[in-house]
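Asker: This is the structure I have questions about; it appears just below.
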Amino acid sequence: MAFHFGTSGWRALIADEFTFAGVRRVTAAIAQLLREKGDAERGVVVSYDTRFFADRFAWTAADELLRRGLAVKLTERDTPTPAVAHAVIRGDHGGALNLTASHNPPQYCGLKYSPASGAPAMSAETKRIEELANDPALRVEGQGPVELAELKDKPGCELFDPHGPYTAALEERVDRSTIAADPPHVVVDCLYGTCRGYLPELLMDCGCRVKVLHAHRDAYFGGHTPEPSGRSVGELCEAVRESGADVGLACDGDADRFGVVDADGHYVDANKIVSLIYWHLVEHQGLRGDVARSAATTHLLDALAQRFGARVLQTPVGIKHLAARVLEDDALVGVEESAGVCFRGHVPDKDGILACILVAEMLAVHGKGVRQLLEDIYMQVGRRYHNGRLNLELTPELAPRIKEQLAGQAPETFAGVAVREVDRTDGMKLLLADGSWAMLRPSGTEPLIRFYAETHDEERLADLVRAARELLGVD
């Protein structure tokens, strides 16, 4: 079996490719990488999310690190990804292994490696891990799982809870007194994931009236993919309508992504929320700085950046690229259309919990709902932005057509409009003469092809989606 690291680590089907033996082998490769970098003596944080056997995969990874002489700090329970990143930085550790498949369906598990910076590993490091893990010369003696009780007595293993230090860091980023002065009524959907014990309690501490859904572990995630959008937040939409809440908030399985439902019980596209967050940080918190966004993310951010006298730093899709711009170029935020935001001066990884709290803060500060705030932004920048995304299974029939489209000559027109520019930052992005854009790229986390589009009205958006289906020859 070949090991491959995608946009956010190694992910695969449990019991198919993702096995205890595989976890040991990849962990052994990471241990060797840490020795090559000189970071092995600093110890490694090991954690996990709520999916099936994620805890036992984590214990197995911890055992493999201990066998190889590396000290381990193992979380006592499933833990949000941003809390893991904070623990790495705060403890000056050599890195982290997080057993999570984030928003992927429940039949998947994953292993995400972060270096000492706390940010997701860049391609050079993940390629080295792939080389080591796939090298027959790498010897791994252990094969099966271990139990937590076996680890507790091993020298070099320490159990810890990152909750307190991480939540203290969050409280430094939000205006608690302003929220408490006019606290919104909130429904929180934990989606059976790691934000339980974090997001609802933080909102309550700020004075919010909070109704909580799905705040227990369910490895099947209620029969849905633990992504805070679409069908997965149907119950949240209904709960907001029934309770008369001001907003609904959700996080994905490892709490690095967010989801927002407005007071009418309608899901709000993540592109709009990341734009609101950037606007709020500048307008209310008085922060200044450039905005880093992925090539697939809304150009509403471009319009806001222009208004604020800031630059837009475009990157390929993937939080690792955005986190690098925040760390190296001091961008205020790094944002992506798939509901991810990382913040300057916080942790260099996505933080869905902080994003949700900032949404509650902006409602309290401005005394308006999400839709009203969006209308205010559109008035400021002069036009509306409508986004769409199409996910297509990468079938054997579709794969060659995709390869041809991405490698070949770009079309001169798309959906009846001239192509003004072709952007190859990630896949193929067509910038059209009417100000619309369309983008095609393979997913880095799932066997899917993703099509993204943005324009100025819903009818035109439907035209762009139809044109994409015609281009790819799919119904």
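Any read-out appearing in this document is the output of simple, stated calculations on the displayed coordinates, not a laboratory observation. This is a predicted model, so every value here is computed, not measured. Note that each Cβ is placed from the backbone with ideal geometry, even for glycine, and that neighbours are counted across all protein chains shown.
Asker: Considering the dipole of segment 258-380 built from charges on the beta carbon (Lys and Arg +1, Asp and Glu -1) around the Cα centre, which of VAL268, LEU322, HIS284 is farthest to its positive end?
Answerer: After comparing all options, I get LEU322.
Asker: What is the calculated FRET efficiency for ALA137 to MET1, with r their C-beta to C-beta distance and R₀ = 25 Å, to the nearest 0.05?
Answerer: 0.95
Asker: With label points built 7 Å along Cα→Cβ from the Cα atoms of GLU470 and GLN372, find their separation and express it in nm.
Answerer: If labels sit at GLU470 and GLN372, their model points lie 4.3 nm apart.
Asker: Still on this model: May I ask you to list the trypsin sites (Lys or Arg not before Pro) in segment 360-389 that are in a DSSP loop and have at most 12 other Cβ atoms within 10 Å of their Cβ? Don't skip to the end; give the middle numbers.
Answerer: Details: sites: LYS368, ARG371, ARG383, ARG384, ARG389; in loops: LYS368, ARG383, ARG384.
Taking segment 360-389 and a limit of 12 other Cβ atoms within 10 Å, the loop trypsin sites (Lys or Arg not before Pro) found are ARG383.
Asker: For a protection proxy built on the mean count of beta-carbon atoms within 10 angstrom, sort 121-130, 92-101, 273-282 highest first, please. The partial results should precede the final answer.
Answerer: On the way: 121-130: 17.1, 92-101: 25.9, 273-282: 23.0.
Going from most to least packed, we get 92-101, 273-282, 121-130.
Asker: Starting from the exponent 0.38 and prefactor 2.2 Å, build the expected Rg for segment 304-375 from its residue count and divide its actual Cα Rg by it.
Answerer: In units of the globular-protein estimate, segment 304-375 measures up at 1.19.
Asker: GluC sites (Glu not before Pro), restricted to segment 137-173: which are DSSP loop and have at most 15 other Cβ atoms within 10 Å? Display every interim value, and only then the final one.
Answerer: Values: sites: GLU141, GLU147, GLU150, GLU158, GLU171, GLU172; in loops: GLU141, GLU147, GLU172.
Sparse-neighbourhood loop GluC sites (Glu not before Pro): GLU141, GLU147, GLU172.
Asker: Which residue, chosen from LEU471, HIS386, ALA61, occupies the Cα position most advanced towards the positive end of the dipole of the chain, where the dipole is computed from +1 (Lys, Arg) and -1 (Asp, Glu) charges on Cβ about the Cα centre?
Answerer: ALA61
Asker: Using Cβ-Cβ distances only, list the Cys residues of the chain with no partner cysteine under 4.7 Å, sorted by number.
Answerer: CYS109, CYS157, CYS190, CYS206, CYS208, CYS237, CYS342, CYS356
Asker: Additional query: Let me spell out the model: positive unit charges on the Cβ of Lys and Arg, negative unit charges on the Cβ of Asp and Glu, origin at the Cα centre of the chain. What dipole size does that give, in debye rounded to 20?
Answerer: Details: 52 positive and 70 negative charges, 139 e Å.
The calculation lands at about 660 debye.
Asker: Turning to a different aspect of this structure: Where does the charge balance sit around GLY94 when Lys and Arg score +1, Asp and Glu -1, over other residues with C-beta under 9 Å from its C-beta?
Answerer: On the way: positive: LYS37, ARG42; negative: ASP39, GLU41, ASP92.
Taking every other residue near GLY94 into account, the sum is -1.
Asker: So for segment 1-61, Kirkwood radius off the Cα pairs, Stokes-Einstein at 20 °C and 1.002 mPa s: how many µm² s⁻¹? Intermediate values should be presented prior to the final figure.
Answerer: On the way: Rh = 12.6 Å.
D, rounded to a whole number, is 170 µm²/s.
Asker: May I pose another question? In a Debye calculation with equal point scatterers on the alpha-carbon sites of the chain and no solvent, what is log10 I(q)/I(0) at q = 0.06, 0.11 Å⁻¹?
Answerer: Evaluating at q = 0.06, 0.11 Å⁻¹ gives log10 I(q)/I(0) of -0.26, -0.89.
Asker: At 222 nm, what value in deg cm²/dmol follows for the chain if DSSP H runs of at least 4 each add -39500 (n - 2.57) and the sum is divided by all its residues, to the nearest 500?
Answerer: Working: 16 runs with 176 residues, N = 475.
Per the formula, -11000 deg cm²/dmol.
Asker: Same structure again: Have a look at ALA181, GLY207, LEU132 and report the one farthest towards the positive end of the charge dipole of the chain, computed about the Cα centre with Cβ charges (Lys/Arg +1, Asp/Glu -1).
Answerer: My answer, from the dipole projection, is LEU132.
Asker: A follow-up question, please. What FRET efficiency comes out for LEU287 versus GLU201 if R0 is 25 angstrom and r is the Cβ-Cβ distance? Round to the nearest 0.05. Intermediate values should be presented prior to the final figure.
Answerer: Working: r = 26 Å, r/R0 = 1.03.
The formula returns an efficiency of 0.45 here.
Asker: Label-point separation (nm) for GLU404 and ASP153, each offset 7 Å from Cα along Cα-to-Cβ?
Answerer: Using points 7 Å along Cα→Cβ, the separation is 6.4 nm.
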